[in-house]
Structures are given as C-alpha cells and as structure tokens.
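The values are calculated or read from the model by the stated rules, or taken from the named source; none is laboratory data. Being a predicted model, the structure only gives us computed values, none of them experimental. FYI the Cβ positions are ideal-geometry reconstructions off the backbone, even for glycines, and counts take in every protein chain you see.
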Amino acid sequence: REATLEEVAKSARLIAAFQSWLTNHGATFDPLEIRWSVSQGYHLVASRAIEVGEAMARVPKGLMIGPRMVDRVRSDRELLEGLPWPDQSQVMLMKQYCDPNSFYRPYLDTLPETFDTPIFWTRAEASELI
C-alpha cells in the first residue's frame, strides 16, 4: 500500500527529531540516511559507496540502551539490583518508553508499534508457509 500524507509527515518529523538528537549528542552516521516506508518502517540506507573498513556510524555510549542507563536513573537501582543486565535493560527501556519526557524519546518514537514477522506469527499462520 501507499503511505498516507499523514504517515509521510509523521515519519519526516520523527526522522528529523531522531537525527537532531543523535547529532546533538555526538553521534555520526555520515554515509547513512534514515528513511521510512510502509513496508520497512524506519531503516538505514547508504547514501554513498562505503569503503572497506570505514566506520558507518559512531554512537556515544551515553546514547546506548543498556546497563549504563541505570546510572541515568539512580532511583531505580533498588528495583534493578540483582537482575541480569539484559533484564535491567528491558525494565529501563519500558520505563523510558512510558515516560513522555524520556531522554530517549526521539529514538523510542521510531520503534515499530506492531510486528509482522514470522517469529510473532501463530502456528496456523506459520503453517500457511509450508
């Protein structure tokens, strides 16, 4: 299907906010462009030929979602204490996702709202492939 004007406008706004957030916090992604389409959602496309060994993107650790997020929100240390770091990251990601003023909001807004990939299909849906 074709994208609606509303979808195109929304994706352009979210891409601009995400790019601004990334660059304002030291990320670089020179040979890459962030794009959106109905069929692929948000994705990266090379804007030029990339040389062997060339870094395509650099993302400061402070922008990464993981154990360092706990340091941003010290009040959650008790909640997360004892959990393995992947679980800590998931809890922190959910908390950030629910916070409309989250530092990570520009990134979170680009995440898909639904998934339509085989791993999420029911057995009946998957059996139609066979």
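Within segment 77-96, being within 22 Å of the chain's Cα centre (by Cα) and part of a loop (DSSP other than H, G, I, E, B) holds for one residue alone: Pro84. I'm checking my understanding of the structure. Among residues of segment 32-69 that are farther than 17 Å from Arg105 by Cα, β-branched (Val, Ile, Thr) and in a loop (DSSP other than H, G, I, E, B), which one is modelled with the lowest pLDDT? For segment 32-69, the residue satisfying everything is Val38. Considered as a group, the residues in segment 97-130 that are of a type in the set (A, V, I, L, M) and in a loop (DSSP other than H, G, I, E, B) include one that is nearest to Gln19 (Cα to Cα), and that residue is Leu111.
Determine, yes or no, whether Leu108 is under 23 Å from the mean Cα position of the chain (by Cα), outside the structural domain of Ala3 (by TED's automatic domain parsing), modelled with pLDDT under 90 and surrounded by 13 or more Cβ atoms within 10 Å (Cβ to Cβ).
Values: under 23 Å from the mean Cα position of the chain (by Cα): yes; outside the structural domain of Ala3 (by TED's automatic domain parsing): yes; modelled with pLDDT under 90: no; surrounded by 13 or more Cβ atoms within 10 Å (Cβ to Cβ): yes.
When the stated conditions are applied, Leu108 does not pass them.
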